Amino acid sequence: MPYLLDANVFIQAKNLHYGFDFCPAFWDWIDNGHRAGTVFSIERVANELAAGGDDLADWAQLRPGLFLRPDALVVPSLQTTAIWANGHGYDPAAVATFLQVADYYLVAHAHAHGYTIVTHEIVASTPRRIKIPNACIDLGVRYLTPYEMLRAERARFVLP
């Protein structure tokens, strides 16, 4: 199944469990998954990573094909996602923020193309912030944590 990775997957991997310096196999797994046509993200996520100005930004910059651009199929899903966000009791500021960040485009892209979103976010019942899983549930988009994805794909990071 094809996956779309949220920015927090890359950022937390770099900062916590899969640092470039001690777990390069994770990053190789992403590259291999991308070459196999199963692991992607979106251009807006690449922009968020680039804003970090660090080794993760450099890594992402070397992989432009990993980060998909919106296409004609995404446009109606952007509208569907925006209508959903505006109609579910979120504070106007929460809606405005959501419609400006990568999460909105990630959900719409997954909705349009049948991707599964991979994120560390969890469902939250608060009118102050729209969470990816909340949007996914209501829009019929599948989502997983990175660990669920790695298990589903039987990723193995073992020493030789």
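The values are calculated or read from the model by the stated rules, or taken from the named source; none is laboratory data. Nothing here was measured: the structure is a model prediction, and the numbers come from that model. Note: ideal-geometry Cβ built from the backbone for every residue, glycine included; neighbour counts use all protein chains shown.
Conditions (1) assigned to a helix (DSSP H, G or I); (2) within 26 Å of Ala155 (Cα to Cα); (3) β-branched (Val, Ile, Thr), marked per residue:
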{"site": "Val9", "(1), (2), (3)": "yes, yes, yes"}
{"site": "Asn32", "(1), (2), (3)": "yes, yes, no"}
{"site": "Gly65", "(1), (2), (3)": "yes, yes, no"}
{"site": "Ala72", "(1), (2), (3)": "no, no, no"}
{"site": "Leu78", "(1), (2), (3)": "yes, no, no"}
{"site": "Thr81", "(1), (2), (3)": "yes, no, yes"}
{"site": "Tyr90", "(1), (2), (3)": "no, no, no"}
{"site": "Tyr104", "(1), (2), (3)": "yes, no, no"}
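Which one of these is under 26 Å from Asp31 (Cα atoms) and in contact with a helix residue (DSSP H, G or I) (Cβ under 9 Å, 6 or more places away or on another chain): Glu121, Glu148?
On the way: Glu148 fails: in contact with a helix residue (DSSP H, G or I) (Cβ under 9 Å, 6 or more places away or on another chain).
Residue meeting the stated conditions: Glu121.
So Phe20 clears everything in (1) over 30 Å from Leu159 (Cα atoms); (2) aromatic (Phe, Trp, Tyr); (3) not in a helix (DSSP H, G or I) except one condition, right? Which one?
With (1) over 30 Å from Leu159 (Cα atoms); (2) aromatic (Phe, Trp, Tyr); (3) not in a helix (DSSP H, G or I) applied to Phe20, the lone miss is (1).
Scanning for something surrounded by fewer than 14 Cβ atoms within 10 Å (Cβ to Cβ), in a loop (DSSP other than H, G, I, E, B), of a type outside the set (Lys, Arg) and touching a Pro at 6+ places or on another chain (Cβ under 6 Å), does the stretch 133-148 turn up at least one residue?
Checking the stretch 133-148: not a single residue is surrounded by fewer than 14 Cβ atoms within 10 Å (Cβ to Cβ), in a loop (DSSP other than H, G, I, E, B), of a type outside the set (Lys, Arg) and touching a Pro at 6+ places or on another chain (Cβ under 6 Å).
Taking Leu49 as meeting all but one of (1) closer than 17 Å to Gly114 by Cβ; (2) touching a residue at least 40 places away in the same chain (Cβ under 8 Å), write down the number of the exception.
Result: Leu49 fails condition (1) only.
If I filter the stretch 122-142 for residues that are of a type in the set (Val, Ile, Thr) and touching a Gly at 6+ places or on another chain (Cβ under 9 Å), do I get at least one hit? Walk me through how you get there before you give the answer.
Of the stretch 122-142, the ones of a type in the set (Val, Ile, Thr) are 122-123, 126, 130, 132, 137, 141.
Next cut, touching a Gly at 6+ places or on another chain (Cβ under 9 Å) only: 141.
Looking for residues that are of a type in the set (Val, Ile, Thr) and touching a Gly at 6+ places or on another chain (Cβ under 9 Å), one finds at least one in the stretch 122-142, hence yes.
Take the stretch 92-102 and flag every residue that is part of a loop (DSSP other than H, G, I, E, B) and of a type outside the set (A, V, I, L, M, F, W, C). Let's see the steps before the verdict.
Taking the stretch 92-102 first, the residues part of a loop (DSSP other than H, G, I, E, B) are 99-101.
Gln100 - this is the single residue of the stretch 92-102 that is part of a loop (DSSP other than H, G, I, E, B) and of a type outside the set (A, V, I, L, M, F, W, C).
A quick yes/no check of all residues on (1) among the polar types (S, T, N, Q); (2) more than 16 Å from Thr145 (Cα to Cα); (3) buried (at least 16 other Cβ atoms within 10 Å of the Cβ):
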| residue | (1), (2), (3) |
| --- | --- |
| Ala13 | no, no, yes |
| His17 | no, no, no |
| Val39 | no, no, yes |
| Glu48 | no, yes, yes |
| Arg69 | no, yes, no |
| Ala112 | no, yes, yes |
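Hey, any hits in the stretch 151-159 for a residue that's hydrophobic (A, V, I, L, M, F, W, C), in a helix (DSSP H, G or I) and under 22 Å from His17 (Cα atoms)? Let's see the steps before the verdict.
Pass one, the stretch 151-159, residues hydrophobic (A, V, I, L, M, F, W, C): 152, 155, 157-159.
Checking the rest, the ones that are also in a helix (DSSP H, G or I) come to 152.
Keeping just the survivors that are under 22 Å from His17 (Cα atoms) gives 152.
Yes, the stretch 151-159 has at least one match.
Could you count how many residues in the stretch 114-125 are at negative phi, touching a residue at least 12 places away in the same chain (Cβ under 8 Å) and either of a type outside the set (S, T, N, Q) or assigned to a loop (DSSP other than H, G, I, E, B) (or both)?
7
I need a count of the residues in the stretch 4-17 that are within 8 Å of the chain's Cα centre (by Cα) and either hydrophobic (A, V, I, L, M, F, W, C) or over 15 Å from Val101 (Cβ atoms) (or both). Please lay out each step first, then the result.
Here is the first cut: in the stretch 4-17, the ones within 8 Å of the chain's Cα centre (by Cα) are 4-9.
Imposing the further condition that a residue be either hydrophobic (A, V, I, L, M, F, W, C) or over 15 Å from Val101 (Cβ atoms) (or both) reduces the set to 4-5, 7, 9.
Residues that pass the stated criteria total 4.
Any idea which of Thr126, Thr145 is at pLDDT below 95, among the β-branched types (Val, Ile, Thr) and over 18 Å from Arg44 (Cβ atoms)? Write out each step before concluding.
Working: Thr145 fails: at pLDDT below 95.
None of the others qualify; the one that does is Thr126.
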